[in-house]
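Some notes on the structure that comes next.
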Amino acid sequence: VQLQACGGGLVQAGGSLRLSCVASRTIFNWNPMGWYRQAPGQQRELVASIISGYNTNYADSVKGRFTISRVVAKNSVYLQMDSLKPEDTAVYYCNLAQGSAVYWGQGTQVTVSS
């Protein structure tokens, strides 16, 4: 499975971005999907994950600001990011788990200026 992520960019603090990730083949509602991020010199960390259409999990640092969603019919997962902060600057990766396999997208850069 290939995951194609897009939607990153440069935004001022307080602004919004919407990341999208499309899988190259059919995914199912029960396949966990998520968004991770990695800042320079930092380990990759989980930002948000979703199983089914409503079981979501968020990092404490983004709760109330980010929203993960998915459209199974489009094999897609999204990350709506509001009230962005400079500390949100990182490369964002989408992630899919199917059975014992884990797939990663290529990453999209998000830069938040102060």
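Tally time: how many residues in region 59-76 are among the hydrophobic types (A, V, I, L, M, F, W, C) and at pLDDT below 95?
The total comes to 3.
Of everything in region 1-43, what is small (Gly, Ala, Ser), assigned to a strand (DSSP E or B) and farther than 21 Å from Val102 by Cα? Give them in sequence order.
Gly9
Considering each residue of region 1-46, count those that are hydrophobic (A, V, I, L, M, F, W, C), at pLDDT 95 or above and over 16 Å from Tyr93 (Cβ atoms), and give that number.
Number satisfying all stated conditions: 3.
Quick one: how many residues across region 64-114 are of a type outside the set (Ser, Thr, Tyr), over 14 Å from the mean Cα position of the chain (by Cα) and assigned to a strand (DSSP E or B)?
Residues meeting the conditions: 4.
Could you look through region 1-39, keep only residues that are of a type in the set (D, E, K, R) and open to solvent by 30 Å² or more (accessible area, probe 1.4 Å), and pick out the one that is nearest to the chain's Cα centre (by Cα)?
Taking the candidates together, the pick is Arg18.
Return yes when Leu46 is within 9 Å of the chain's Cα centre (by Cα), in a strand (DSSP E or B) and in contact (Cβ under 8 Å) with a residue 40 or more places away in the chain and no when it is not.
No.
State yes or no: is Thr56 of a type in the set (Ser, Thr, Tyr) and modelled with pLDDT of 95 or more?
yes
The values are calculated or read from the model by the stated rules, or taken from the named source; none is laboratory data. Owing to the predicted nature of the structure, the values given are computational and were not obtained by experimental measurement. Cβ atoms come from the backbone with ideal geometry, glycine included; neighbour counts cover every protein chain shown. Protein only, heavy atoms only, side chains kept; ligands, DNA and RNA dropped before computing areas. Shrake-Rupley method; radii C 1.70, N 1.55, O 1.52, S 1.80 Å.
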